[in-house]
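The block underneath contains the structure these notes are about, expressed in structure tokens.
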Amino acid sequence: MGLRLKYNIVLLLACLLGMVGATTLSYVVVRKSAVEDIHQSIDLIHGNALAVRSYTVDNITPLLSDDNDILFLPESVVSFATRTIFDTFQKQFPEFGYKEAVLDPTNPADRPNAFEAEMIGQFRDDPSLEKVTKVVDTDEGRFLTVAFPITITQQGCLACHSTPEAAPPTMVDLYGPDNGFGWRLGETIGAQVISAPMSVANKRAMETVAVLIAGFAVIFLLVFIMTNLLLSRIVLRPVRLISETARKVSLGDFSVPEYSKPGKDEISSLATSLNLMRRSLERAMSMIDV
Ligand code: HEC
């Protein structure tokens, strides 16, 4: 195996090892930061939902509560406002999801699915829990889902959610007497469940890996060409000439010109030493001839 092949195998191995190490590391780091970004988007959606809730409670409910005795206006209800506003938001960002999942909901659309019910169960078992995070695989891909507990902290909520008799009759007419009642003060009745696709994180990490691999390929190519040129010029060509000259001299052919390489590197000193040896040999031979 020639020097060049040996050198190139080592170069290729080093490059491959470096590439695998760097791409794995950057995949992990980029993906982690992308997941943090998704968490941040979810926190923003949550913060916005809370703002809509307090706007509705403070500004809309007082305006419309009297009208509810004549005709129930769901627009005055916090959850209705939050969901309607989120539906509009979702037209621009269809990949995000928001749901106020409640074990016994007024609106059947808010009934939890199996994993939402499980998260609500976790909040009911441990009141100190502030949020629960889950990664959920669906037909549409992998989603990061974060749930925040909904606890009844105000007596006012029970005006509509305690018994059908206590609730505005117009509301019972609209929603029926079977769901969304029997909630108690201090009870965690459900959770705000916000989900965002994980595919963004994977996509960003894969893009970084692709850029890194392309970068490595370019660097490898440059290092390969430059070091091979250098190897040829500085080592391989002079060594080949020196060995050819030495071979001819060893056969008694002193007509070949001396090879000398300017410079102070190892190859130059090898050439000089061989030339000295050749001259000694030539002198010794001529003495024998005499
Ligand atoms: C004026 C009556 C009324 C009051 C007061 C009221 N709600 Fe509701 N609530 C409703 C109605 C009606 C719905 C169903 C709205 C819809 O169509 O999505 C609802 C829905 C909800 C939902 C979504 C799940 C479900 O049941 O469909 C939650 C959570 C909720 N309310 C919590 C509260 C909390 C917490 C309070 C007190 C801060 C409160 N509500 C006060 C009438 C009321």
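The values are calculated or read from the model by the stated rules, or taken from the named source; none is laboratory data. The structure displayed is predicted, hence computed values, not measured ones. No Cβ is skipped: glycine too gets one built from the backbone with ideal geometry, and neighbour counts run over all protein chains shown. All accessible areas refer to the heavy atoms of the entire protein, side chains included, with ligands and DNA or RNA removed. Shrake-Rupley method; radii C 1.70, N 1.55, O 1.52, S 1.80 Å.
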Run the accessible area of the stretch 14-197 with a 1.4 Å probe and give the carbon-and-sulfur part as a rounded percent.
59 percent
Could you give each residue of the stretch 138-155 its phi-based ³J(HN,Hα) in whole Hz, using Karplus coefficients 6.51, -1.76, 1.60 with θ = phi - 60°, and x for Gly or Pro?
10, 5, 8, x, 9, 10, 8, 10, 10, 10, 10, x, 10, 10, 7, 10, 10, 4
The chain -> Rg/Rh from Cα coords, Kirkwood Rh, value 1.51
Within a Cβ distance under 13 Å of Ala167, other residues only, what is the Lys/Arg minus Asp/Glu net charge?
-4
For the stretch 16-68, radius of gyration divided by Kirkwood radius, i.e. Rg to Rh on alpha-carbons
1.54
Going toward the positive end of the dipole of the chain, with +1 on Lys and Arg Cβ and -1 on Asp and Glu Cβ, which of Gly180, Tyr55, Thr106 do you reach last?
Tyr55
Determine, from the Cβ-Cβ distance of Ile9 and Ile288 and an R0 of 41 Å, the FRET efficiency 1/(1 + (r/R0)^6), rounded to the nearest 0.05.
0.30
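Does the stretch 70-167 come out rounded, prolate or oblate by the C-alpha gyration tensor, with a ≥ b ≥ c the root eigenvalues, rounded set by a/c under 1.5 and, if not, prolate when a/b is larger than b/c and oblate if not?
Because a/c hits 1.5 or more and a/b fails to exceed b/c, the stretch 70-167 counts as oblate.
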Regarding the stretch 78-228, what whole-number volume in Å³ per residue does the convex hull of its Cα atoms give?
155 Å³
With viscosity set to 1.567 mPa s at 4 °C, what whole-number translational diffusion coefficient in µm²/s follows for the stretch 206-289 from Stokes-Einstein and a Kirkwood radius over Cα pairs?
82 µm²/s
If I compute solvent accessible area with a 1.4 Å probe over the protein chains, what percent of it on the stretch 206-289 is carbon and sulfur?
71 percent
Accessible surface, the stretch 14-197, averaged per residue in Å² (probe 1.4 Å)
55 Å²
Quick check: residue separation of Val256 and Ala114 times 0.36 nm, minus the Cα distance between them. What number comes out in nm?
42.1 nm
On each of the three principal axes of the Cα atoms of the stretch 84-123, give max minus min coordinate, whole Å, ordered largest first.
32, 20, 14
Using 7 Å Cα-to-Cβ label points, what is the Met277/Glu207 separation (nm, one decimal)?
6.2 nm
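Could you compute the FRET efficiency for Val136 and Leu221, with r as their C-beta to C-beta distance and R0 at 45 Å, rounded to 0.05?
Step by step, r from the Cβ atoms, then E = 0.55.
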Intensity falloff of the stretch 166-210 expressed as log10 I(q)/I(0), Debye formula with alpha-carbon point scatterers, at q = 0.16, 0.33 Å⁻¹
-0.65, -1.10
For the stretch 1-149, state the semi-axes of the equivalent ellipsoid (square roots of 5 times the eigenvalues of the alpha-carbon gyration tensor), sorted largest first and rounded to whole angstrom.
51, 17, 13
Run the simple label-point estimate for Ser232 and Ala166 please: 7 Å along Cα→C-beta, distance reported in nm.
9.1 nm
Could you state the number of Å between the C-alpha centres of the stretch 195-237 and the stretch 19-51?
25 Å
Set of lysines near Lys134 by C-alpha distance (under 21 Å), chain-local residues within fewer than 8 positions excluded
Lys32, Lys99, Lys203
Taking the solvent-accessible surface of protein heavy atoms with a 1.4 Å probe, what is the per residue accessible area of the stretch 206-289 in Å²?
72 Å²
